[in-house]
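Written out below as structure tokens is the structure these notes cover.
The values are calculated or read from the model by the stated rules, or taken from the named source; none is laboratory data. These numbers were taken from a predicted model, which means no experiment stands behind them. All Cβ positions, glycine included, derive from the backbone under ideal geometry; neighbour counts span all protein chains shown.
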Amino acid sequence: MTGYHDTRFEFDPKRDLLWRTLVRAYFSRFIQPDFHVLDLGAGYAHFINHVECARRTAVDRWEMLPKFAAPGVSAHVGEVTDLHFLDDHSVDFAFASNVFEHLTQAEFAAVLAEIRRVLKPGGTLNILQPNYKLAYREYFDDYTHVSIYSDASLCDFLRANGYKILLSKPGFLPFSIKSRLPVSPALIRLYLLLPWKPLAKQMFFRATL
């Protein structure tokens, strides 16, 4: 998508601060030191760069991904529907943040089929993305959104494609860093601890086979 990273998804240091805090304060609890972590639609590699594990792989169609990937991260430029470069049963933790709303339903199903192939027994698929039920007003402010998912429909789609839901959080994070909430590590950590999260419009799912 020519120009997308210069307009809607331009580089913002606050986003890296957000992801560093999220990884350390929340996502790291699901990742063991010997894991192979796969980041789908990695963008600026904000998530994968801060993960600590044995093997890190990032995939994105954006040709600038290798420039932003940290040393030790294997960056592959290509479609998330094609993971041919990964061996069967080689991934412990697959992660996708704000990816599947950009794909058609057929493409999403193709990704799920590839993830089924590459996941190790007991491996997980971890999805963070807008919940249309909570973010319907701003959902299509991003002109590259093509599919609609709520927490209910995403859960059903995963199950229909052979996945079991381990964790479902319909309201997990605000829609974007452009929200009214400041990007502060202390506030992010506090926000994650709140039983009710104001302005939460992103959902988080963990699934396995």
Considering every residue within the stretch 150-157, establish whether at least one is surrounded by fewer than 19 Cβ atoms within 10 Å (Cβ to Cβ) and either aliphatic (A, V, I, L, M) or within 25 Å of Lys14 (Cα to Cα) (or both). yes
Expected output for the stretch 1-23 (first residue farther than 14 Å from Ser97 by Cβ, partner among the β-branched types (Val, Ile, Thr) and at pLDDT below 90, Cβ below 7 Å, 6+ apart or cross-chain) is Met1/Thr144; Tyr4/Thr144; Asp12/Ile177; Lys14/Ile177; Lys14/Val183; Leu17/Val183
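Please tell me if Glu52 is charged (D, E, K, R), part of a loop (DSSP other than H, G, I, E, B) and within 17 Å of the chain's Cα centre (by Cα).
On the way: charged (D, E, K, R): yes; part of a loop (DSSP other than H, G, I, E, B): yes; within 17 Å of the chain's Cα centre (by Cα): yes.
Judged against the criteria, Glu52 is a match.
Counting residues that are modelled with pLDDT of 95 or more and more than 25 Å from Ser28 (Cβ to Cβ), which helices (runs of 4 or more DSSP H) fully inside the stretch 99-194 reach at least 2?
Working: elements: 105-118, 132-135, 151-160, 185-193.
Where helices (runs of 4 or more DSSP H) fall fully within the stretch 99-194 and carry at least 2 residues being modelled with pLDDT of 95 or more and more than 25 Å from Ser28 (Cβ to Cβ), they are 105-118, 132-135, 151-160.
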When Tyr44 is run through (1) within 23 Å of Leu154 (Cβ to Cβ); (2) touching a residue at least 24 places away in the same chain (Cβ under 8 Å), the failure sits at (1)
Could you go through the stretch 118-137 and let me know if any residue there is touching a helix residue (DSSP H, G or I) at 6+ places or on another chain (Cβ under 7 Å), of a type outside the set (S, T, N, Q), under 23 Å from Asp39 (Cα atoms) and loosely packed, with under 14 Cβ neighbours inside 10 Å.
no
